Ligand SMILES: [Zn+2]
């Protein structure tokens, strides 16, 4: 869980999809990115690490 500088918490609103060509093992090693949004001030941060 990420914490915002305003004191609110960032919630994940979108997670990157795995590229379709990846095998099961490659998916395990693939670091997806996500977009998070603060529940208090509404700040959105993209490209945050998810996995
Ligand atoms: Zn905030």
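Taken together, the values in this text are just the output of simple stated rules run on the coordinates, not laboratory data. Because the structure is predicted, anything quoted here is derived from the model rather than measured.
When the helices of the chain are scored as -39500 (n - 2.57) per DSSP H run of n ≥ 4 and the total is divided over every residue, the value at 222 nm lands at -2500 deg cm²/dmol. Considering the chain at the alpha-carbon level, its Rg and Dmax are found to be 13.1, 40 Å. The mean sequence separation of alpha-carbon pairs under 8 Å and at least six residues apart, normalised by the residue count of region 2-49, gives a relative contact order of 39 percent.
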